[in-house]
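The values are calculated or read from the model by the stated rules, or taken from the named source; none is laboratory data. Nothing here was measured: the structure is a model prediction, and the numbers come from that model. So basically every Cβ, Gly included, is an ideal-geometry build from the backbone, and we count neighbours across all protein chains shown.
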Amino acid sequence: MNEREFHPEVRRLLDGEITIADLPLELRVEGEEALRLLAAVDRTPVSLPAVTWRVMAALERRRQRVRWSWLLVPALAMAAALVLWIVRPSAVGPSAAGNVVTVRFVLVAPGAQHVSLAGTFNHWDPRATPLVRSGAGDLWTATLSLPPGQHQYAFVVDGTRWVPDPTAPAVDDGFGRRNSVLTL
Amino acid sequence: MLFSGGGGYWLRAETDAGDGDIVRAVLAGDRERYAELVDRYRDRYARYAARMLGSTDAAEDAVQDAFVRAFDQLAQCQDPNKFVGWFFLILRNRCFAEQRRTRTTAPLEAADGVATQERADEVAETVERRRALQHALLDLTPEQREVFVLKHVEGLSYQEIAERLSTSVPSLKMRMHRAYDRLREQLREHT
C-alpha cells in the first residue's frame, strides 16, 4: 500500500466506525495521525446576521427597478408621441426625483432618551432625522425615502454617542469613527 | 448595549409558521414574509458555505445570492414543506460555481480569510493546524471537500448526506476516502 494512503482500518477510524483501541498495534501511530487531522477541523459556528436585510433590500431594489421599467415604457411612448406632436422634448419624460427606495432604520437602545440618524443624506445633521420611540419600549425607528446610490450613516444616541450599524458594512470616516454604508 | 439595523427587515418577532405556510404566503404576494425563511436558515448553512469557499465574506455573498435565487425560483419548489433541502441545493450550486470561478485565482487568500477569525484563547499550534487543514481542504475537488465538510464539520452521517445529495453511501465513502488520502498528503507536505 502507498504510504500516502490511509490503511482501510484507519479510514474506518476516521469515519467513526471504530475507535483507536480497535486498531491493531502496528496501526496505532497512523491512527493517531488520523485523529490529529480530525482534531484540526474547525467547527466554529458562523453567523451572518446582515444577510436577512441584505436579501430583502436586494429584492426590494429589484422590485423598484421592475416597477420603473414598466412605467418607463408608456412614459417613453408618450414622450415620443409628444415630441412628434409639439416638438418639445424637454416637456416630457419620467422624473428621476420619484425613483427612491424606502428604507426603515431600526435601533434598540435601552435607556436612551433620544435617538437620531445622521448621514450623507441629511448633511450629517444629528438633529435633522430623529427616530421615533415605539410605545414605551426601547425600539426606535425612522423610515426614509432615499435615492439609489451609496449612503453613509450612523445612529446618534442622546445627542453625543455615535453608533455605527454592526450589521452593515462600514468605512473609516477619516476622524477615527466608523460610518455604516448602505448601498441602494 | 445597543443593537441596530438598517433596512428594518432583520429585527422581527420569530413565528412558529411552518416553511410550507411561509412559502405559500410569499407566493401569494406577501413578499416580506420571505425574511422569516432567511432568518431561519441563513446561519444553518453559513458554516458549510464558509468552509466550502474558505472565507466568511465569500460565504455571506453566496448565502445572500442563494436566497435571492431561491426567491426567484420559489414557484418551482415542488414541496414547500421541504424548502430547506431545496434551498441547500441552490446554495450548493452557488458554492460550486464560485469555486470553479476562483480556483485558479486566490485559494490561499481565501484560506487566510478564515484564519483571521482565530479565537484569542486558542494556542498557536491549534490555530496553525486549522490553517493548514483549511489550506489542504481548498486543494480538494469541490465534491471531496463537500463530503468532508458535511460529515466532519456539520456532523451529518453518510446516510444523511446521501439523502441530501441524492447519491449512494458507497459513492460518498469512495469520495471521502480519496479526500482523507489527499489531506494526509497535503498536511505532510505542510509539515
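What the table shows:
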quantity	calculated
Any pair with Cβ under 8 angstrom, 6 or more apart, that starts in the stretch B:147-172 at a residue that is touching a residue at least 40 places away in the same chain (Cβ under 8 Å) and within 23 Å of residue A:40 (Cβ to Cβ) and ends at one that is aliphatic (A, V, I, L, M) and assigned to a helix (DSSP H, G or I)	B:149/B:52; B:149/B:137; B:150/B:161
Selection within the stretch A:130-162 - crowded, with 18+ Cβ neighbours inside 10 Å and among the β-branched types (Val, Ile, Thr)	A:156, A:157
Residue list for the stretch B:126-135, filter: more than 9 Å from every other protein chain (Cβ to nearest Cβ) and touching a residue at least 40 places away in the same chain (Cβ under 8 Å)	B:135
Whichever residue in the stretch A:163-184 is modelled with pLDDT under 80 and at the interface with another protein chain (Cβ under 7 Å from one of its Cβ atoms) and, among such residues, is surrounded by the fewest Cβ atoms within 10 Å (Cβ to Cβ)	A:166
In the stretch B:157-188, residue farthest from residue A:6 (Cα to Cα) [restricted to those that are of a type in the set (Val, Ile, Thr) and over 17 Å from the mean Cα position of the chain (by Cα)]	B:167
Residues (of a type outside the set (A, V, I, L, M) and within 13 Å of chain B (Cβ to nearest Cβ)) located in the stretch A:25-44	A:30, A:31, A:32, A:33, A:36, A:42, A:43, A:44
Residues being more than 10 Å from every other protein chain (Cβ to nearest Cβ) and in contact with a Leu (Cβ under 9 Å, 6 or more places away or on another chain) - total across the stretch B:27-52	2
Which listed residue, of B:66, B:59, is touching a Cys at 6+ places or on another chain (Cβ under 9 Å) and modelled with pLDDT of 95 or more	B:66
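To keep it simple, each residue is scored yes or no on (1) modelled with pLDDT under 90; (2) over 22 Å from the mean Cα position of the chain (by Cα).
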{"position": "B:13", "(1), (2)": "yes, yes"}
{"position": "B:17", "(1), (2)": "yes, yes"}
{"position": "B:21", "(1), (2)": "no, yes"}
{"position": "B:24", "(1), (2)": "no, yes"}
{"position": "B:32", "(1), (2)": "yes, yes"}
{"position": "B:39", "(1), (2)": "no, no"}
{"position": "B:47", "(1), (2)": "no, no"}
{"position": "B:51", "(1), (2)": "no, no"}
